[in-house]
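For reference, the structure is listed below as structure tokens.
Just so it is clear, none of the values below were taken in a lab; they were calculated from the coordinates. Note that the structure is predicted; figures quoted are calculated from it, not measured. Cβ placement follows ideal geometry from the backbone for every residue including glycine, while neighbour counts extend to all protein chains displayed.
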């Protein structure tokens, strides 16, 4: 799967509109994921995952910052995400199925807060973006 | 069979009452075909699906989305017997339409995203969880008669 020039424009513009809310949305997506897909909590036994948890807020910002970095390097996701890719492969070892679950919750969150901007074409580009990031993060698993 | 608590059942029917079901159906089916273009394989006879705007404005997509959502809404009234409710539709999708059940999961997630888009802050994590149980139950019921 390849990000077209139009996809890259859609992704950059959409992420630009999110602005300073990225951390907040990252946290909300995680909260949704933990609630809707309880098996994802198995990777965070050390977390308080209740609503408003400071740990979830902190981790949401971390995830959002990584995605913001990825948006700035759409022409070289493997390069930009190399360290995170190593981390997920060798240390975190999150089963690949979970990336789809978080990606879905990110889309649900973005649709929720930016209904006018979340057009079908932008939705498609963002879905491809999250899938591309997921692929890079699991690329060194074996 | 899908197990919703009484609170979840109330959430689902309350929120469903707030949306325009026909519009949700059309939007969800359209987005399915835009975001996952390979799903257009079942709809080659629908005419112009060549761009996002062509898909979303296509009259057959809207009509079919309406048909699909009416079946889904029927499921909402029979959460205690989804397999029975969708039994003949399951046979149809396997024997005549030859649709991979993975597509039911993809469409279910599109319905969730459209509901989130339309309901905004009412679509809380609890609401999402309740509806995800429903769409998973419907997808499993539609796949149940496959052989």
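Details
- Going by neighbour counts of Cβ atoms within 10 Å, the residues A:28, B:8, B:102 line up, fewest first, as B:102, B:8, A:28.
- As a rough footprinting exposure proxy, the listed residues B:111, A:18 were ranked by other beta carbons within 10 Å of their own, and the order from fewest upward is A:18, B:111.
- The percentage of C-alpha pairs in the protein assembly as shown whose separation is greater than 25 Å is 49%.
- Residue mean of other protein chain beta carbons inside 10 Å, A:111-121: 6
- Ordering of B:119-128, B:135-144 by packing [mean C-beta count within 10 Å, highest first]: B:135-144, B:119-128
- Residue A:100/residue B:59 FRET efficiency (R0 22 Å; Cβ-Cβ; nearest 0.05): 0.10
- Between the stretch B:33-97 and the stretch A:1-77, the C-alpha centres lie 30 angstrom from each other.
- Summary of packing: across the peptides B:14-20, B:88-94, the per-residue average of other C-beta atoms within 10 Å ranks them, highest first, as B:88-94, B:14-20.
- Above 14 Å, the calculated P(r) of the stretch B:91-147 contains 56 percent of its Cα-Cα pairs.
- Computed [θ] at 222 nm, deg cm²/dmol, chain B (DSSP H ≥ 4; -39,500 (n - 2.57); rounded to nearest 500): -20500 deg cm²/dmol
- Among B:86, B:43, B:131: highest mean-square fluctuation, GNM of chain B, C-alpha pairs under 10 Å: B:43
- Taking 7 Å steps out from each Cα toward its Cβ at residue A:9 and residue B:13 produces label points 4.8 nm apart.
- Counting beta carbons within 10 Å around each of A:37, B:146 and listing the fewest first gives the order B:146, A:37.
- Between residue B:3 and residue A:21, the modelled labels are 3.6 nm apart [label points 7 Å from Cα along Cα→Cβ].
- Taking every DSSP helix (H) stretch of at least 4 residues in chain A, weighting each as -39,500 (n - 2.57) and dividing the sum by the residue count yields a mean residue ellipticity at 222 nm of -20500 deg cm²/dmol.
- Computed lengthening from residue B:73 to residue B:21, 0.36 nm per intervening residue step minus Cα-Cα distance: 17.9 nm
- Average other protein chain Cβ within 10 Å of Cβ, residues A:29-39: 3
- Cβ neighbours within 10 Å from other chains - mean over B:123-133: 4
- Sorting the Cα pairs of the stretch B:1-121 by distance into bins of 5 Å, from 0 upward, gives 2, 10, 19, 23, 21, 14, 8, 3, 0 percent per bin.
- Cα-Cα pairs of the stretch A:35-78 separated by more than 11 Å (percent): 71
- Most fluctuating residue given options A:83, A:131, A:14, as computed from a GNM of chain A linking Cα atoms under 10 Å: A:83
- Anisotropy class of the stretch A:6-142 from Cα gyration tensor, a/c 1.5 cut: oblate
- Here the extension length gained between residue A:73 and residue A:86 equals 2.9 nm, from 0.36 nm per residue of separation less the Cα-Cα distance.
- Three principal axis lengths of the stretch B:12-70 [C-alpha, angstrom, descending]: 36, 18, 18
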